[in-house]
Amino acid sequence: MAAVTIDSLLQNPTLVFRPKAKVLLKPPRSLDCSRNRKLPLSRGSCLCSFNPRRTIHVVRASSSETALIGNFDISSSDDILYKDIFPVKRIEKVEGKFFIRLDRSKDQHDWQLTVGCSLPGKWILHWGVSYLGDSGSEWDQPPKGMRPPGSIPIKDYAIETPLKKLSEGDIFHEVKIDFNPISEIAAIHFVLKDEETGAWYQHRGMDFKVPLVDYLEDDGNIVGAKRGFGVWSGALQQFSNVLLKSEASHADSQNNSIESKDSKNKNRCLEGFYEEQSIVKEVSVGNLVSVAVRKSPETGKVIVCLETDIPGDVVVHWGVCRDDAKIWEIPAAPYPPETTVFKNKALRTLLQPKATGNRSGALFTLDEEHFGFLFVLKLDENTWLKFKENDFYVPLLGTSSVPGQYGQSDSTSEEISSKSYTDGIINEIRNLVSGLSSEKSQKTKKKEVQESILQEIEQLAAEAYSIFRSSITTVPDEVVSETETTKPAVKISSGTGTGFEILCQGFNWESHKSGRWYMELKEKASEISSLGFTVIWLPPPTESVSPEGYMPKDLYNLNSRYGTIDELKELVKSLHEVGMKVLGDVVLNHRCAHFKNQNGVWNIFGGRLNWDDRAVVADDPHFQGRGNKSSGDNFHAAPNIDHSQEFVRKDLKEWLGWLREEIGYDGWRLDFVRGFWGGYVKDYFEASGPYFAVGEYWDSLSYTYGEMDHNQDSHRQRIVDWINATNGTAGAFDVTTKGILHSALERCEYWRLSDQKGKPPGVVGWWPSRAVTFIENHDTGSTQGHWRFPGGKEMQGYAYILTHPGTPAVFYDHIFSHHRSEIASLISVRNRNGIHCRSLVKIVKAERDVYAAIIDEKVAMKIGPGYYEPPSGSQRWSLALEGRDYKVWETS
């Protein structure tokens, strides 16, 4: 039974409903729903009528009460004792078209693949290529010249390209990929993604494959005109196929046939095609449920009127209660028309259409003795509408006033709104801050007590945030407060450490090549610690298919390309001796298999954790998992692990505990956390008790016509949502801030570093204590260079993150380079002035050529070629550090 949450809109009138959406193939024919319980058809398209499984007792309605329906006007009756209007959200399905077209480009020399979708949404083509001679199902990134404008690389295996309308009048969002047929590319692979909802559109759980040669093996996911295949086995049944014939067969053979070293590819003959299919997307639709109570002057009975604008058949599952316990009972007759008894515990009434308007409703006549009216709405066998996860409750006794609309009734303790609850929390925070400020002015409060108050404030803010996020799509600013100059004793939190951490990434993309990285890093332990770093992040320790460690295989085998398990223990011990905490890089999203299943797919695992294909998610586009659907985005290069399986979680918690005990890790850096729900992370952290932890939630920023948008709230919202799902037990890399720094420094657009509210525009502006800021890592920089920070401007980036709140992370390559002394000086300024993850930022300038800010009234900084000097006044500023286009001051 699916429950749909209903929340009041009065406190949040601009609330936008954004549930997770599904995109699915439209059913090709009439379906027997009794045999297809899991197929989410729209109520209008389901051909099955509601047939109860048990004997239903039909109860006749009173004719006198039936006549009242037309006389009871819920909006204007003067004798109404109680009235409420509840907004409800439900899911409807919108139909559209999806097409794939392959034809010649305009110059008639190259070819062009076009993918389009007519449905609204932020559509992204997630795609890659395979080359001649490749085996398996892995993708590669296409050549740079083949990538359309606005494309973003994803790891090292795929590209994401937004679909756009070419003009305002266009129906379809499209993307066009041009390629030269005389190349080594054998096929183009893709899946379609609606980035707004997270919905994926795939072909039978696999990627779409467009072959560019005529001898590829058909794995059931090939689309297009297939030469050399014979019968179209595995073709999409719902596609309509239209071959785009060439102007002349002679010209076609000349332009599309190439000579290849491979004898199988002597004649590569491309044929144009166009394939189109209906698809359905689930979207959220808002409706209203109106309830009013009056007392009949003729009979003395209580009459409840219920109306809704929800279309179709709506059944009210209802009863009454006698006290606050709200135990359901069946009241005495009379009942409305179309009422049946359900299990002798409740009644079910089919709402009747109103004579005017697209509404339906019913009148319920009840004795005065009843305390309350209880109900839920049933739309079909799997969809029920409830109120804040509970039954709707309408008070009957003592109802003497008409509260406002939109679910404001405060007649019972269970109907206290989230707004009043969060208001209480906010008042409590204000009292704490006021107490802290007054004591601070008296300079009598001890530092330990101040820190205790700050921690209590943060806990209350997190609680309010959790409630707030359940009904709105943006986050409140984190409550921050000033602390004393010296570092107070604090309680450790895995999301923040002490709050004064400075993270060093202790490797790059090439570190595995020496085969003795652990020993090389051990020799530098004292040097790294002396620079002011408190935490170091080590590379993935497990046996891995890829030498860098991000394709783990046997999790308990810690002999890797970086060194042996004994060398790893020595390194961790040395780092502890110089006062540093150590993070292990753990890959929980995916795992490489040891064996193939009966279909030749790699999804059977060996080693100590010898899982079978139940540990693999069912909707992985490349692997035949028998687990549940993924709780996040799929990583296409290896089987995605199903964390909903209890045996998987148990094994991973034991493994993390073993790493802590056996190796001595203090915390974790989590790879590709987009792939699974943050709630599982909370479970793992409660079991392993990390000192500090950070997740890599890597996501594309928002661009318009290839230019980065100023407003990146939707991007940082997704990161904040993941942090919140972990219950704040982990921080996250502030990818938003890195991306904005790129544009600001590359284009001399420093105004980008202030959001619409005058705060930092990244995660650090919304939840600074959980933001791990950085400018480069092993993926973006090093020899990979997927998203390299603007050259020559690295120190401006470090001047920003090392003076601002959040937990700054510094890349290994920058530490051991000509930047070293400047980075060390910035760390010294940060530590000397007690800048921490919750420090207060006041942006004083964000213009075209300069950004300037004052942090905790102790440190002032500016980046950019423009002019800024801190104001002279009661504070005396002295220049602490100066470099190319940046300056840092501190109070004397």
Next item on the list: Would you check if there is a residue in the range 133-148 being more than 20 Å from Leu216 (Cα to Cα), polar (S, T, N, Q) and either open to solvent by 40 Å² or more (accessible area, probe 1.4 Å) or in the same structural domain as Pro211 (by the TED database) (or both)?
Entry: no
Notebook entry, point to check: Can you name the number of the only condition in (1) out of contact with any strand residue (DSSP E or B) (no Cβ under 9 Å at 6 or more places or on another chain); (2) closer than 30 Å to Ala525 by Cα; (3) not small (Gly, Ala, Ser) that Thr803 fails?
Noted result: (1)
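Grab the strands (runs of 3 or more DSSP E) fully contained in the range 578-696, keeping just those with 1 or more residues being touching a Cys at 6+ places or on another chain (Cβ under 8 Å). Reasoning before the result, please.
On the way: elements: 581-586, 602-604, 667-670, 692-695.
In the range 578-696, the matching strands (runs of 3 or more DSSP E) lie at 602-604.
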Item checked: Residues that are free of Cβ contacts under 8 Å to residues at least 12 places away in the same chain and part of a loop (DSSP other than H, G, I, E, B), drawn from the range 320-368 -> Ala325, Ile327, Thr356
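If I ask for residues that are in contact (Cβ under 8 Å) with a residue 24 or more places away in the chain and part of a loop (DSSP other than H, G, I, E, B), which ones from the range 89-119 would you list?
Of the residues in the range 89-119, the ones in contact (Cβ under 8 Å) with a residue 24 or more places away in the chain are 89-105, 108-119.
Across the range 89-119, the qualifying residues are Ser105, Gln108, His109, Asp110, Ser118, Leu119.
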Check: In this structure, is Gly866 in a loop (DSSP other than H, G, I, E, B) and either within 24 Å of Cys504 (Cβ to Cβ) or open to solvent by less than 20 Å² (accessible area, probe 1.4 Å) (or both)?
Finding: yes
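For every residue, the table says whether it meets (1) under 30 Å from Ile528 (Cα atoms); (2) of a type in the set (S, T, N, Q); (3) open to solvent by 10 Å² or more (accessible area, probe 1.4 Å); (4) out of contact with any helix residue (DSSP H, G or I) (no Cβ under 7 Å at 6 or more places or on another chain).
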residue	(1), (2), (3), (4)
Leu588	yes, no, no, no
Gly632	no, no, yes, no
Ala637	no, no, yes, yes
Arg649	no, no, yes, no
Margin query: Checking the structure you have, find out if any residue of the range 703-711 is in a helix (DSSP H, G or I) and either over 30 Å from Arg747 (Cα atoms) or in contact with a helix residue (DSSP H, G or I) (Cβ under 9 Å, 6 or more places away or on another chain) (or both).
Written below: no
Notebook entry, point to check: If a residue has to be among the aliphatic types (A, V, I, L, M) and surrounded by 21 or more Cβ atoms within 10 Å (Cβ to Cβ) to count, how many in the range 316-331 make the cut?
Noted result: 2
Next item on the list: Inspect the range 822-842 for any residue being exposed (fewer than 15 other Cβ atoms within 10 Å of the Cβ) and under 28 Å from Arg747 (Cβ atoms) and give the result as yes or no.
Entry: yes
Margin query: Considering only residues that are at positive phi and either outside the structural domain of Ile303 (by the TED database) or at pLDDT below 90 (or both), which ones fall in the range 319-357?
Written below: Lys326, Lys343, Asn344, Gly357
Note to self: Just to be sure I understand the filter: pairs with C-beta atoms under 8 Å, separated by 6 or more residues or on different chains, first member in the range 665-690 and without any contact (Cβ under 8 Å) to a residue 40 or more places away in the chain, second member of a type in the set (Gly, Ala, Ser). Which pairs pass?
What the structure shows: Ala687/Gly657; Ser688/Gly657
Note to self: Suppose we keep only residues that are charged (D, E, K, R) and modelled with pLDDT of 70 or more within the range 197-218. Which one would you say is farthest from the chain's Cα centre (by Cα)?
What the structure shows: Asp214
Checklist line | Residue list for the range 561-571, restricted to those being crowded, with 24+ Cβ neighbours inside 10 Å and either among the hydrophobic types (A, V, I, L, M, F, W, C) or touching an Asp or Glu at 6+ places or on another chain (Cβ under 8 Å) (or both) | finding: Leu568, Leu571
Item checked: Gly632 vs. criteria on the phi > 0 side of the Ramachandran plot and in contact (Cβ under 8 Å) with a residue 12 or more places away in the chain -> no
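Suppose the filter is out of contact with any Gly (no Cβ under 6 Å at 6 or more places or on another chain) and either open to solvent by 20 Å² or more (accessible area, probe 1.4 Å) or in contact (Cβ under 8 Å) with a residue 12 or more places away in the chain (or both); does Asp849 pass it?
In short, no.
Listed here are the residues, each with its yes/no results for (1) closer than 21 Å to Thr780 by Cα; (2) open to solvent by less than 40 Å² (accessible area, probe 1.4 Å); (3) at pLDDT below 95.
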residue	(1), (2), (3)
Val480	no, no, yes
Glu501	no, yes, no
Glu510	yes, no, yes
Ala525	no, yes, no
Phe533	no, yes, no
Ser574	no, yes, no
Lys581	no, no, no
Next item on the list: Out of Gly792, Gly785, report the one residue that is at positive phi and either open to solvent by less than 10 Å² (accessible area, probe 1.4 Å) or within 26 Å of the chain's Cα centre (by Cα) (or both).
Entry: Gly785
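Limited to the range 155-205, what total is found for residues that are of a type outside the set (Phe, Trp, Tyr) and assigned to a loop (DSSP other than H, G, I, E, B)?
Looking only at that region, the number is 22.
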Check: Can we say Ala292 is among the small types (Gly, Ala, Ser), under 42 Å from the mean Cα position of the chain (by Cα) and buried (at least 21 other Cβ atoms within 10 Å of the Cβ)?
Finding: yes
Next item on the list: Tell me which residues, restricted to the range 695-730, are open to solvent by 30 Å² or more (accessible area, probe 1.4 Å) and basic (Lys, Arg).
Entry: Arg718
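The values are calculated or read from the model by the stated rules, or taken from the named source; none is laboratory data. Quick caveat, the model's predicted, so the values are computed rather than measured. Cβ sites come from the backbone with ideal geometry, for glycine too, and all protein chains shown count toward neighbours. Areas reflect the complete protein model, heavy atoms only, side chains present, ligands, DNA and RNA absent. Shrake-Rupley method; radii C 1.70, N 1.55, O 1.52, S 1.80 Å.
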